[in-house]
Amino acid sequence: MAADRIEALIARMTLEEKAGQLGVFADMVRPFAPDVNPDANVRNAGQVLEQVRAGRVGTLFNGVGAAAGREIQRVAVEESRLGIPVLLAADVIHGMRTVFPIPLGEAASFEPALAERSARATAIEATAAGLHWTFAPAVDIARDQRWGRGAESSGEDVTLGCAFAAARVRGFQGDDLRAHDALLATPKHFAAYGAVAAGLEYAQVDLSPQTLHDVHLAPFRAALAAGARTLMTAFNDINGVPASANRWLLTDLLRGQWAFDGVVVSDYTADMELIAHGYAADERDATAKAFLAGLDLSMQSGFYGAHLPGLVESGQVPMAVLDASVRRLLRLKEAIGLFDDPYRSLDPAREADTAHLPAHDALARDAARRSIVLLKNEGALLPLRRGGQKIALIGPFAQDRDNLEGCWTLFGDKTRYVTLEAGVRAALEAAALLEVVPGCALEAPLDGGIEAAVAAARRADVAVLALGEPQRYSGEAQSRLEIVLPAAQQALAEAVAATGAPLVVLLRNGRALALHGAVRDAAAIAVTWYLGTQTGHAVADVLFGAYSPSARLPVSFPQHSGQQPFFYNRPRSGRPELPGMAEFKSRWREISDAPLYPFGHGLGYARFAYAAPRLNTPQLAWDGTLVVTTRVANTGAVAGEEVVQLYVHDRVASRVRPVRELKAFAKIALAPGEARDVVFHIDRGHLAFSGADGAYRAEPGVFDLWVAPSSATGEPVDFELLPA
Ligand code: NOJ
């Protein structure tokens, strides 16, 4: 029986072999270039294989290639004493060879099913390239746009975050973990990594237990419910206790309350960092604290291999606790079929066949255009015409090939990337209609750049400005002080705007930005994030109207950087700013505390009208269901998709409640003139929150409810939740 096989192995393992299994090390046998962790990757291929042979490694990560992967596995299975296969992991975050939009961008689609499809495609390519396990999805809630890793997340909202977390887990893993194309998912970073103070990477997290539970832990629960078998811990502390050595988090909550029986892996050297945190005195102390807190696997520090045997011998770590972690890892290996077929996902022929799948290009193009958010479109400037209109495409991203993919894309096939210029050219009727001028470099002026851009804008009927953040501005360790465009790009925009040419701004960004001056005032603005392999075609689809944009903001765009952390679902103030009441209200000296563009906002080329929501009853019984029906009509001239959003607000509660919270959403496609009833089902589970006493429950009383196209629009209706 399967269980016996694992128990028999554990019974035969030495202390060193057990501790070795729990080590996760950089895969220097088949490294890729450039190496993301150059400082710590000291082992060379020979040393890594020697460690595998000696049974000192359980998992290797961030290497790629089926043939070399077979060799690693052959050494593990044939040359190590116990023949335990290794797990092969990597950061495959939003695509492997085919790169899909950054997760934040894809979340803008408000289509979890789309994320599930792109995760599935990613899993097919990653497993073909010799991987079993991805360190994704990042399910951190990002409420501060200065933080760089919001790009890897699904934005600021819990309901949206939970839906995408679950979808991505399902997509990566598929229906059968033993299938050759099932990729183990790892929700990360457990927990509250997105809540670092001031958006500063690796900084402290000090927050209420209620916010921790209701906001930051919720997507992890959703991801686990969707079948995730592993979690990665966060670098940060939570209220003074580092997450990677937090026994309450990793054991009491995760294994106790949540009954999680999978594997918890540390983030990169997070156990070692307990020393820098001042939470552990030395390596041995750090090992004991992390391991006894419930951290099964140690990534890259080597601490577990070095210190766990001694800690067990001295009695500080019970053998049973060590065995439990080893058992969890071996069960995971067994669950994906590694003991029956150690060479699963290591087939060079499949790798070659999967290197370029045209269906994945098509999916990447669709995912990319479904992620573009049209913020503004004055005078229906967009869509542009394919002919009869001269276009000046201006900006450092117009021809750029190095900022198409966004952060954390280690293995993308750069030969397939479609630049903005290439996409626009392919869509135009004649080459002479397009003039392309960089205008400036990403972060600096170019000699004569502005002059050339201005001249091109004067010759054109419309200027399309491709501006934004270099992709290295987002991702790990990329916190920003001010979430604005680089000065050289802003200067370019001002000069081009001064020509009077109608202006379309295409933003490339890994977070919400504060838009100023000519950029904010442009007639049309679209957020294009980092869209991946098919960037140019996807943007052209939207620019020229082959696709009516349907994405909505998963993060609030503030008026100014100084508003951060800024998110729509903030608790109610005792002194909210109301029209005509500026003094001694919750506002800034310089500006109101409103967004420039709210969460959920986005335009298309169709127009939608909402009828008032109808409720099946004004009184929701404690165990009842509120059926909310809203008629949405396409009153425009073209077909389009609308993201219908349901928000609630609890009028009086034992804790101050958010001004609004998204509870459900649906994306619908309507032909011109078509109308449809959109139906949502709400029960008291949607109304629950952690109360002052920490108990998670709904409180009877009156609620406001909106069905609206954004978090800042719509007319509320109310209903009452009746007591039990
Ligand atoms: C550090 C990052 O925080 C984490 O997300 C990633 O999975 C690991 N490095 C491994 O590369």
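Structural remarks
- Heavy-atom SASA rank of Glu715, Glu201 (probe 1.4 Å, accessible area, largest first): Glu715, Glu201
- Over 25 Å between alpha carbons, listed pairs Lys376/Lys667; Lys188/Lys333; Lys414/Lys667: Lys414/Lys667
- Backbone phi angles across the stretch 231-242, fed through the Karplus curve with coefficients 6.51, -1.76 and 1.60 (θ = phi - 60°), yield HN-Hα couplings of 9, 10, 7, 9, 6, 6, 8, 10, 6, x, 10, x Hz in residue order; Gly and Pro are listed as x.
- Mean sequence separation of contacting Cα pairs (under 8 Å, at least six apart), scaled by the length of the chain, corresponds to a relative contact order of 13 percent.
- Ordering Leu670, Ala306, Ala501 by the projection of their Cα atoms onto the charge dipole of the chain, which places +1 on the Cβ of Lys and Arg and -1 on the Cβ of Asp and Glu, puts Leu670 at the extreme positive end.
- Among Asp693, Asp237, Asp718, the sequence by solvent-accessible area, most first, with a 1.4 Å probe is Asp693, Asp718, Asp237.
- Sorted on the mean count of surrounding Cβ atoms within 10 Å across their residues, most packed first, peptides 103-111, 125-133, 673-681 read 103-111, 125-133, 673-681.
- Shape call, the stretch 356-563: gyration tensor on alpha carbons, a/c limit 1.5: rounded
- Mean separation of Cα pairs under 8 Å and 6 or more residues apart, divided by the residue count, gives the stretch 386-473 a relative contact order of 49 percent.
- For the stretch 417-431, the Karplus equation 6.51 cos²θ - 1.76 cosθ + 1.60, evaluated at θ = phi - 60°, returns couplings of 5, 9, 6, 4, 4, 4, x, 5, 4, 5, 8, 7, 6, 9, 4 Hz by residue, with Gly and Pro reported as x.
- Residues of the chain: accessible area per residue with a 1.4 Å probe, Å²: 35
- Under 10 Å, Cβ to Cβ, from Arg56 - net charge with Lys/Arg +1 and Asp/Glu -1: -2
- Shape parameters for the chain, alpha-carbon atoms, Rg then Dmax in Å: 26.2, 81
- Accessible area of the stretch 56-96 belonging to carbon and sulfur atoms, whole % at 1.4 Å probe: 44
- Between the beta carbons of Arg572 and Ala609, assuming R0 = 41 Å, the FRET efficiency works out to 0.90 to the nearest 0.05.
- Highest average packing first - 159-166, 565-572, Cβ atoms within 10 Å: 159-166, 565-572
- For the stretch 83-210, a simple Cβ point-charge model (Lys and Arg +1, Asp and Glu -1, everything else neutral) yields a dipole of about 180 debye relative to the Cα centre.
- Pairwise label distance in nanometres, Leu15 with Glu590, each label 7 Å out on the Cα-Cβ vector: 6.1
- Computed accessible area, Trp622, all protein chains, 1.4 angstrom probe, square angstrom: 60
- Toward the positive end of the charge dipole of the stretch 576-637, with +1 on the Cβ of Lys and Arg and -1 on the Cβ of Asp and Glu, the farthest Cα among Gly604, Leu578, Val628 is that of Gly604.
- Dipole moment magnitude, nearest 20 debye, the stretch 608-721 about Cα centre, only Lys, Arg, Asp, Glu C-beta charged: 100
- In degrees, nearest ten, helix 158-173 long axis to first principal axis of the chain (Cα): 50
- Whole-percent carbon and sulfur share, accessible surface of the stretch 608-721, 1.4 Å: 53
- Integer Hz, Karplus 6.51/-1.76/1.60 couplings in order for the stretch 178-185, x for Gly and Pro: 7, 5, 5, 10, 8, 10, 4, 9
- Think of the stretch 356-563 as a dipole: +1 on every Lys or Arg Cβ, -1 on every Asp or Glu Cβ, centred on the Cα centre; then among Ala453, Phe397, Ala540, Ala540 lies furthest on the positive end.
- Relative intensity, log₁₀ I(q)/I(0), of the stretch 213-281 from a Debye sum that treats every alpha carbon as a point, q = 0.23, 0.27 Å⁻¹: -1.07, -1.32
- Pairs of alpha carbons in the stretch 601-668 separated by more than 18 Å make up 53% of all such pairs.
- Hits among aspartates and glutamates - C-alpha to C-alpha of Lys585 under 16 Å, sequence gap 8 or more where chains match: Glu577, Asp593
- Label-to-label distance, nm, for residues given as Ala45 and Glu482 (7 Å Cα→Cβ offset): 4.9
- Relative pair counts by distance (%), Cα atoms of the stretch 34-165, 5 Å bins: 2, 10, 17, 17, 15, 13, 10, 8, 5, 2
- Dipole magnitude of the chain, debye to nearest 20 (Cβ charges: Lys/Arg +1, Asp/Glu -1, about Cα centre): 960
- Extents of the stretch 506-615, taken as max minus min of Cα coordinates on every principal axis and listed largest first, are 50, 40, 24 Å.
- For the stretch 180-313, the convex hull spanned by the alpha carbon atoms encloses 120 Å³ per residue.
- Heavy-atom accessible area, probed at 1.4 angstrom with all protein chains present, ranks Ile450, Ile391 as Ile450, Ile391, highest first.
- Whole-percent carbon and sulfur share, accessible surface of the stretch 356-563, 1.4 Å: 53
- Dividing the summed helix terms, -39500 (n - 2.57) for each DSSP H run of n ≥ 4, by the number of residues in the chain produces a 222 nm estimate of -8000 deg cm²/dmol to the nearest 500.
- Principal-axis tilt of helix 449-459 within the chain, Cα atoms, nearest 10 degrees: 50
- Per-residue surface analysis assigns Ile124 an accessible area of about 50 Å², computed on protein heavy atoms at 1.4 Å probe radius.
- Once the Cα atoms are used to define both axes, helix 303-313 deviates from the longest principal axis of the chain by about 40 degrees.
- The stretch 608-721: Rg to Rh, with Rh as the Kirkwood radius over Cα pairs: 1.03
The values are calculated or read from the model by the stated rules, or taken from the named source; none is laboratory data. This one's a predicted model, so the numbers in the text were calculated from it and none came from an experiment. All Cβ positions, glycine included, derive from the backbone under ideal geometry; neighbour counts span all protein chains shown. We work out accessible area using only protein heavy atoms, side chains counted, and drop any ligands, DNA or RNA first. Shrake-Rupley method; radii C 1.70, N 1.55, O 1.52, S 1.80 Å.
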